[in-house]
Amino acid sequence: MKRDDSEKKRSFTIREMEIGDLGEVYALGQENFKAELWPMLYRSWDEYEVTTLFNTDGEYCLVAESDEDDPPKGERIVGFVLGTVVSKTGSAWSYGYVIWLCSHENWGREGVASKLMDKLVEIMIENEGIRIIMADTDPANDRAVRFFNKKGLTDQKPHLYMSSNLEQNVYYRDILVQYRQENSQAAEQAKRKLRKLILEKRRLSNAKKKASSNKVEIVVKASPKKKKKKKAHTKKKKPKAPRKAKRKAKR
Ligand SMILES: CC(C)(COP(=O)(O)OP(=O)(O)OC[C@H]1O[C@@H](n2cnc3c(N)ncnc32)[C@H](O)[C@@H]1OP(=O)(O)O)[C@@H](O)C(=O)NCCC(=O)NCCS
């Protein structure tokens, strides 16, 4: 539903995503990119998606942060966009791609996604001179279709998603079956090897126990230390005369 124009929109700030935002961004994405809603588009949303794009395309990962002093839990980050720029080798054309875009459900129609998208396009033009901006969504995702249309992305081309369960796939089924067989054989071999090792270890420790119970204990008694003579009983030796002096005396 469109907001009443007299209603004042809340304020937020668009900035680059930081490491401390990753958790909230992931959680917000989970709320929005539900596989059961748009299975073809949203099945690959996971924490790696956020961290990978943050590492590879940090400058195209933006968040909208609420300007409220004490925002409700989970409403600090109220929207985000993750994008990338694709350049074709041999072509001067590069295009910006909006991979993930969403706003918090309590912040719908506040202009969050709009500002995120505007900033993203601006940065992409500045950084890489993009000439095309691209986005995709499920045709049934009415909000998103309207949103992108409003942003001028009106050149629509239907895209066909094709999938197949490999167990029922006449072309690839054999590869899957073969892989599973090999894998289960390898697993069985590894199990056998492990069992062998355990038995060997047990046998060795039993042999060790047996050997130690048969061992004759040989106690080597240390010989008692000689007592030091008391100083008082020892005779003091006369100090030897130096050799030269001795020779002189003989003469
Ligand atoms: C689509 C989505 C990103 C829009 O976010 P938003 O912050 O509400 O969008 P904005 O407030 O910037 O709206 C901009 C325009 O988009 C259109 N729009 C947004 N929400 C709409 C809705 N519920 N119904 C009809 N039009 C809508 C309107 O044209 C709107 O302009 P207006 O409010 O002046 O009429 C948001 O609904 C969302 O997160 N959806 C789930 C995730 C998703 O589908 N992402 C897109 C594909 S990755």
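Values quoted throughout were computed directly from the atomic coordinates according to the rules given, and no laboratory measurement underlies them. Note that the structure is a prediction, hence the values are computed from the model and not measured. In this analysis, Cβ positions are derived from the backbone assuming ideal geometry, glycine residues included, and neighbour counts consider all displayed protein chains.
Things to note:
- Here segment 94-152 is treated as a sphere whose radius is the Kirkwood value from Cα pairs; by Stokes-Einstein at 37 °C and 0.692 mPa s it diffuses with a coefficient of 268 µm²/s.
- Full extension of the segment from Glu16 to Lys191, taken as 0.36 nm per residue of separation minus the current Cα-Cα distance, would add 58.0 nm.
- Taking 0.36 nm per residue of separation and subtracting the current Cα-Cα distance, fully stretching the chain between Leu166 and Asn214 would add 11.0 nm.
- Close amide-amide hydrogen proximity is noted between Ile99 and Leu82, Gly83, Thr84, each under 5 Å apart and 5 or more residues distant or on a separate chain (H modeled in the peptide plane; Pro and chain starts excluded).
- Charge tally around Ile99: other residues with Cβ under 11 Å, Lys/Arg +1 each, Asp/Glu -1 each, net -3.
- Environment charge of Ala187, counting only residues whose C-beta is closer than 13 Å and scoring Lys/Arg +1, Asp/Glu -1: +3
- Overall form of segment 62-170 per C-alpha gyration tensor (a/c, 1.5; a/b vs b/c): oblate
- Residues of segment 74-89 with amide N under 20 Å of a point placed 7 Å along Cα→Cβ from Arg109: 78-80
- With contacts taken as Cα pairs under 8 Å and at least 6 residues apart, segment 12-162 reaches a relative contact order of 21 percent.
- Restraint check, Lys115/Lys150; Lys9/Lys73; Lys34/Lys151; Lys119/Lys150; Lys115/Lys151, Cα-Cα greater than 18 Å: Lys9/Lys73; Lys34/Lys151
- Across the alpha-carbon set of segment 168-209, the Rg to Rh ratio works out to 1.43, Rh being the Kirkwood radius.
- Label point distance in nm, Glu128-Glu31, each placed 7 Å from Cα along Cα→Cβ: 3.0 nm
- Straight-distance crosslink candidates among aspartates and glutamates, where the alpha carbon sits under 20 Å from Lys210 and sequence neighbours closer than 8 are dropped: Glu200
- Backbone geometry of segment 194-211 corresponds, through the Karplus equation with coefficients 6.51, -1.76 and 1.60 at θ = phi - 60°, to 3J(HN,Hα) couplings of 5, 4, 4, 4, 4, 4, 4, 5, 4, 4, 5, 5, 5, 4, 5, 4, 4, 5 Hz, x marking Gly and Pro.
- Comparing Ser91, Gly79, Asn127 along the charge dipole axis of segment 79-133, the residue lying farthest to the positive side is Ser91, per the Cβ-charge model.
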